[in-house]
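Chemist: Once you've had a glance at the structure underneath, I'll fire off some questions.
The values are calculated or read from the model by the stated rules, or taken from the named source; none is laboratory data. In this text, all values refer to a predicted model and were calculated from it rather than measured experimentally. Glycine gets a Cβ as well: all are built from the backbone with ideal geometry, and neighbour counts include every protein chain shown.
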Amino acid sequence: MSEVDAVAAVWAKEIGKVRIVHLQDPLLVVKPRGGALGTTGLYTRSYNKATREHQFSLLLFKPEVLPETQLGQTMHLRALAYFHEKWGQKISFSLGFAIDQSGVVKRNSCSNMLSTGQREMTDEYYDQLVDLILSQGVQVRHDKDDVARDDDDYGLAAAMGGMMVSVRAAAPRPNRPWPAKTKAGQNCSKCLDKPRGTFCHHHA
């Protein structure tokens, strides 16, 4: 079975035709004890038969909870199969990612194929996903973070046991009133969750 076929096996085909633009806050969040480093991650939309509603989930799994059910099965295919078996829900949207040992969110996954048509997650989804993971109290880093290169930083890193200091350049703030307004003319709650003057990913 190909990777695409394996994803399709737990895919709600008709519902999955509807493209998602903005990621929504997850109703179900699964985080392992002991931190999220080295986890396989999924962000999914699925249909909850009990509530008769579509729900969004953010799932982080350690390798030991994802047994290989088929020879050569990737970690994300294991995660999709595990989710389907444990919660009994077919998915209609899926973004696969991983959090490496330095906290960087990795964007390549076979589970992205039916949602995006490619293994690599686009910036459109990736930026939203990183914000969403951070909003759940999981400390992660963007893959475009710049590692400080000057001698003083390398000296500091050596003094701290080799740990590098990572700095992400702050995005320029849009020159317009803050917070942004929604279509209904209300203050955007996601902008208000940010530091004053900083816009959310919908309005940046």
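Chemist: Exactly one condition in (1) in a loop (DSSP other than H, G, I, E, B); (2) without any contact (Cβ under 8 Å) to a residue 60 or more places away in the chain is false for GLU85; which is it?
Modeler: (1)
Chemist: Same structure, new question: Quick one: which of LEU27, LEU77, LEU58, LEU95 is closer than 20 Å to ALA12 by Cα and in contact with an Asp or Glu (Cβ under 7 Å, 6 or more places away or on another chain)?
Modeler: On the way: LEU27 fails: in contact with an Asp or Glu (Cβ under 7 Å, 6 or more places away or on another chain); LEU58 fails: in contact with an Asp or Glu (Cβ under 7 Å, 6 or more places away or on another chain); LEU95 fails: in contact with an Asp or Glu (Cβ under 7 Å, 6 or more places away or on another chain).
The unique qualifying residue is LEU77.
Chemist: Identify the residue in the range 39-55 that is assigned to a strand (DSSP E or B) and not polar (S, T, N, Q) and, among all such residues, is nearest to VAL104 (Cα to Cα).
Modeler: From the range 39-55, those assigned to a strand (DSSP E or B) are 39-48, 53-55; that's our starting set.
From the residues that got through so far, the ones that are not polar (S, T, N, Q) too are 41-43, 45, 47, 53-54.
Working: GLY41: 12, LEU42: 15, TYR43: 16, ARG45: 23, TYR47: 30, GLU53: 32, HIS54: 29 Å.
Selected residue: GLY41.
Chemist: In the range 1-25, which residues are surrounded by 14 or more Cβ atoms within 10 Å (Cβ to Cβ) and either modelled with pLDDT under 80 or over 19 Å from LYS106 (Cβ atoms) (or both)? Walk me through how you get there before you give the answer.
Modeler: Here is the first cut: in the range 1-25, the ones surrounded by 14 or more Cβ atoms within 10 Å (Cβ to Cβ) are 3, 6-8, 10-12, 15-16, 20, 23.
Listed by number, the residues that qualify are GLU3, ALA6, ALA8, VAL10, TRP11, ALA12, ILE15, GLY16, ILE20.
Chemist: Restricting to the range 156-202, and then to whatever is touching a helix residue (DSSP H, G or I) at 6+ places or on another chain (Cβ under 6 Å) and modelled with pLDDT of 50 or more, can you tell me which residue is nearest to VAL130 (Cα to Cα)?
Modeler: Here the residue is HIS201.
Chemist: Here is a follow-up. Within the range 55-89, count every residue that is out of contact with any Ser or Thr (no Cβ under 8 Å at 6 or more places or on another chain) and within 26 Å of SER135 (Cα to Cα).
Modeler: Counting residues in the range 55-89 that are out of contact with any Ser or Thr (no Cβ under 8 Å at 6 or more places or on another chain) and within 26 Å of SER135 (Cα to Cα) gives 6.
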